[in-house]
Structure formats: structure tokens, C-alpha cells
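Asks: Dropping a structure here in C-alpha cells format, bear with me for questions.
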Amino acid sequence: MTWSFSLGRVLGSELRVHVTFFLLLAWVGFAAYSSAGLPAAIENVAFVLALFACVVAHEFGHALMARRFGIKTPDITLLPIGGLARLERMPEQPIQEVWVALAGPAVNIVIWFVLVALGAGMPLETMAQIDTTDSSLLNRLAYVNLLLAAFNMIPAFPMDGGRVFRALLCLKMDRVKATRIAASGGQVVAVALGFLGLSSGNPILVLIAIFVFVAANSESQDVAMRSVARRVLARDAMITEFRALSPTDSLATAAQAVISTTQHEFPVLDGSGVLQGFVTRDRLFAALAGDTPRSEPATSIMETDIPRVQLTSGLETVLDTLYKGAPAIAVCTQAGNMVGYITRENIGELMVIRSR
Ligand SMILES: [Zn+2]
């Protein structure tokens with residue numbers, strides 16, 4: 001679902017690689033091979049891998065700076081545009097967010113300095129040669145680090161410069177509005193990049209443009225959602241009118257419930273109202289498509305790992321659990337009886353109603 005897989009843990013963060021990074025690698029290798037043969041292909045792939053190492057260093061710049069403010073970075077995902085360090089939370093003070101954002105590009109500047117000290121050419125002389133295989137690996141790497149730093153300092157989401165820009169905007173307006181402005185900037189950049197990529201026939205640029213566009217949009221939505229979630233309690237967001245199944249109901253009964261209601265997930269409650277789990281429409285359809293007899297109990301396909309919260313829990317605390325893939329969050333009384341539940345859809349509805 002996330003289109004990325006793990007390379008293991010480094011300095012306390014899980015290093016993940018997005019599948020498009022390999023597309024980039026394959027494209028670079030193939031393009032060089034078909035125009036200049038195997039040695040060029042090897043050199044170009046080596047270049048991309050070295051670039052990949054610089055991107056990792058950039059992300060650890062963010063992660064290690066965040067750690068100074070007591071914030072962990074559970075994972076770092078590498079994308080062709082420079083990777084995403086997923087911080088466990090955002091720094092409370094805007095100035096800390098600025099430092100965390102600047103730490104990434106700063107690492108690329110340091111690498112550039114080191115490469116120049118090792119004998120790489122200055123950017124202006126190498127710029128003209130970046131696309132040719134004549135230019136040395138060192139020169140190209142130095143140039144691309146400068147480019148990474150510059151690209152990431154564009155003051156728009158999802159680039160690091162967008163965070164700095166938002167932090168400055170936050171001095172004048174609320175965070176949701178500031179994010180929306182920085183994200184709109186990101187979408188303008190994305191359209192420009194996409195146009196550039198299409199007109200110059202560069203598929204990587206088009207890919208980057210799509211990433212920037214989608215990431216800018218989702219950052220904006222995420223911030224808006226969290227801002228609403230901070231003000232809402234579980235009891236204000238939960239679904240209270242629903243059809244529940246009993247542990248003795250069959251798959252046929254569950255199927256009938258899917259037809260006769262608009263629900264996509266059904267809580268299974270025992271005689272005293274205690275939650276046993278959830279039967280989801282997706283699992284039910286999968287079971288019915290297979291050879292499972294309809295007389296089987298619905299509990300055989302029930303998801304039992306359902307997070308539970310209290311009526312007065314903040315909605316913000318349940319958001320992450322929902323986005324990690326739980327079908328629903330059960331809202332329970334102290335005694336353990338389920339009084340309602342929360343799904344992604346009803347949070348979406350809540351957003352539309354509360355964000356005005
Ligand atoms: Zn960065």
C-alpha cells in the first residue's frame with residue numbers, strides 16, 4: 001500500500017526505499033547503456049547510488065536535528081525528490097521546525113564543500129557537462145548536492161523551504177492557512193516542473209512533479225485534519241447509529257447486513273455489549289468470493305485487533321491508528337461496553353462540517 005520497503009534500521013530510524021527510486025535507477029542505467037554501452041551504464045548507476053547516499057545523509061540531517069529537540073524519527077523513506085523523514089511529531093516551536101528543515105539542505109552544502117575540497121569542479125564549469133559522461137563522477141556529485149540543497153530550499157511544500165516559509169507565515173496567521181499557502185506554492189512548482197519535464201521529454205522530472213503535487217496536497221489536508229482533530233473528542237466524532245452483529249451470526253447474515261445498511265464495517269458485540277471485533281465489507285467479499293460456506297460464523301473473518309478509546313479521548317490520538325490500517329476505532333465506556341465507533345469516512349465528514 002505504501003509502495004516502499006525497508007532496508008533496515010540506521011541511527012534509530014527505519015530506512016525505507018520507495019519503489020520509484022529503483023525506477024529511477026533502472027531508467028538511468030538503461031538510458032546510459034543504450035546510448036553509450038555498459039561502462040557508462042555502470043558509471044551512471046554508481047552515480048545514482050552515490051546520490052542516494054547523499055539523500056540519506058540529507059534526511060539524517062533532519063532526523064538528528066529533530067532528535068536534539070527530543071523528537072524521534074521512526075522512518076525515513078527515499079523518493080526521487082529527496083526523501084521524507086517522518087518525524088514522530090512536529091516541533092512545538094516554529095523556530096525548531098525551521099532548524100529541522102534547514103538541517104537537511106545544510107548537509108548537502110557540507111558534502112558539496114567536502115567534494116570541492118577533494119578536487120571537484122565548481123558548479124559553473126560542471127553545469128554544462130552534467131548530462132555528458134565526460135564529466136567526472138566527483139564533479140557531477142558535487143553539482144547534484146548543490147542542486148539538492150537549492151531544490152529543497154524552494155519555499156513551497158513539500159520541499160524543506162516550504163516548512164521554513166510556513167513557520168514564517170505562522171507568525172502572521174494560523175497554521176492551517178499558512179500550510180495551505182505553502183502547499184499551493186508547491187502545486188505551482190509541480191505544474192512548472194511537469195511542464196518542463198514534458199517539454200524536454202524527461203520522465204524523471206514528470207515523476208518528481210507528480211510527487212510534489214500529491215505531497216503538497218496531502219500535507220495541506222493532514223494539517224487541516226489535525227487542526228480539527230485537536231478540538232474534537234471521540235464522543236463528538238463517533239457513529240452511534242449502527243447495525244451490530246452477534247457472535248453467532250453467519251456470513252449470510254453479515255452479507256444481508258451489508259445490503260440493508262450503508263455500513264462498510266460491522267461491530268460484533270456479545271450479549272452484554274462488549275466488543276469482540278469488526279467484520280469488514282472487504283473481508284466479507286473476499287470470503288464470499290472464495291469457497292467459504294455462507295453458514296460459517298461471521299466471527300471467522302472478524303478483525304480482533306481494534307484500538308479502543310474512551311468517550312473523552314482526543315480525536316488526534318486516534319488518527320494515527322486509523323491511518324495505520326485499523327478498520328475502525330471503538331469508543332468504549334469504562335466498563336468496556338462499546339457505545340460507538342470511528343472510521344476514516346466519518347472523520348472525513350467531520351472535517352467538512354467542522355473545518356468551516
Ligand atoms: Zn529535506
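The values are calculated or read from the model by the stated rules, or taken from the named source; none is laboratory data. Being a predicted model, the structure only gives us computed values, none of them experimental. Cβ coordinates were reconstructed from backbone atoms using ideal geometry, including for glycine residues, and neighbour counts include every protein chain displayed. When the accessible area is computed, the model is the full protein with side chains, heavy atoms only, and any ligands, DNA or RNA have been set aside. Shrake-Rupley method; radii C 1.70, N 1.55, O 1.52, S 1.80 Å.
Asks: Where in the chain are the DSSP H helices whose C-alpha atoms run 20 Å or more along the long axis and whose mean Kyte hydropathy is at least 0.0?
Replies: 19-36, 38-68, 94-117, 137-152, 175-199, 203-231
Asks: For the chain, what % of the accessible area comes from carbon and sulfur atoms, probe 1.4 Å?
Replies: So the carbon and sulfur contribution to the accessible surface is 62 percent.
Asks: Shifting gears a bit: How much mean residue ellipticity at 222 nm does the chain get from its helices, if each DSSP H run of length 4 or more adds -39500 (n - 2.57) and you divide by all residues, to the nearest 500 deg cm²/dmol?
Replies: -18500 deg cm²/dmol
Asks: For every other residue with a beta carbon closer than 13 angstrom to the beta carbon of Leu148, add +1 if it is Lys or Arg and -1 if Asp or Glu, then tell me the sum.
Replies: Details: positive: Arg140; negative: Glu59, Asp160.
It works out to a net charge of -1.
Asks: Explain nothing, just the number: relative contact order of the chain, from Cα pairs under 8 Å at least 6 residues apart, as a whole percent.
Replies: Computed over the chain, the figure is 10 percent.
Asks: Kirkwood Rh over alpha-carbon pairs of the chain, then Stokes-Einstein at 4 °C and 1.567 mPa s: what D in µm² s⁻¹, rounded to an integer? List each step's numbers first, then the result.
Replies: Numbers: Rh = 23.3 Å.
Diffusion coefficient, whole number: 55 µm²/s.
Asks: Using only alpha carbons, build the gyration tensor for the stretch 164-286 and give me the equivalent ellipsoid semi-axes, biggest first, whole Å.
Replies: Working through the eigenvalues yields semi-axes of 44, 23, 9 Å.
Asks: While we're looking at this one, here's another question. Work out, step by step, the length gained on full extension between Phe242 and Ser184: first 0.36 nm times the residue separation, then minus their alpha carbon distance; give nm to one decimal.
Replies: Contour length minus Cα-Cα distance gives 17.0 nm.
Asks: Tell me the net charge near Arg163. Cut-off is 11 Å between Cβ atoms, Arg163 excluded, with +1 for each Lys or Arg and -1 for each Asp or Glu. Mind dumping the intermediate values first?
Replies: Values: positive: Arg166; negative: Glu97, Asp160, Glu219.
Value of the local net charge: -2.
Asks: Per residue, what accessible area does the chain have, given a 1.4 Å probe and all protein chains present, in Å²?
Replies: Using a 1.4 Å probe on heavy atoms only, each residue of the chain averages 51 Å².
Asks: So for the stretch 142-259, averaging the separation of alpha carbon pairs under 8 Å that are six or more residues apart and normalising by length, what relative contact order in percent results?
Replies: On the way: 109 pairs, mean separation 22.8, N = 118.
Relative contact order for the stretch 142-259 comes out at 19 percent.
Asks: Next up: Taking amide H positions as placed 1.01 Å from N in the peptide plane, with prolines and chain starts having none, which residues 5 or more places from Leu78, or on another chain, fall under 5 Å of its amide H?
Replies: Arg16, Val17, His18, Leu84
Asks: I'd like the per residue volume of the convex hull spanned by the Cα atoms of the stretch 1-107, given in cubic angstrom.
Replies: Numbers: hull volume 10.9 nm³, N = 107.
Normalising the Cα hull of the stretch 1-107 by residue number yields 102 Å³.
Asks: Based on the alpha carbons, how large is the Rg to Rh ratio for the stretch 200-356 when Rh follows Kirkwood? Present the calculation step by step, with values, prior to reporting the outcome.
Replies: Working: Rg = 18.7 Å, Rh = 17.3 Å.
For the stretch 200-356, the value is 1.08.
Asks: Given H placed on each backbone N at 1.01 Å, which residues far from Ala156 in sequence or on other chains put an amide H within less than 5 Å of it?
Replies: Gly161, Gly162
Asks: According to a simple spin-label model (label point 7 Å from Cα along Cα-to-Cβ), what is the distance in nm between Ser6 and Arg294?
Replies: Once both label points are built, they end up 4.2 nm from each other.
Asks: Related question: Tally Lys and Arg at +1 and Asp and Glu at -1 over the other residues with C-beta under 13 Å from the C-beta of Pro91: what net charge comes out?
Replies: For residues surrounding Pro91, the net value is +4.
Asks: What nm value, rounded to one decimal, do you get for the distance between Arg226 and Val110 when each label is placed 7 Å out toward the C-beta?
Replies: So the two model labels end up 2.6 nm from each other.
Asks: Tell me, which longest segment in the chain has none of the GluC sites (Glu not before Pro) that fall in DSSP loops with at most 13 further Cβ atoms within 10 Å?
Replies: Looking at the chain, 93-240 is the longest stretch - no exposed GluC sites (Glu not before Pro) with at most 13 other Cβ atoms within 10 Å.
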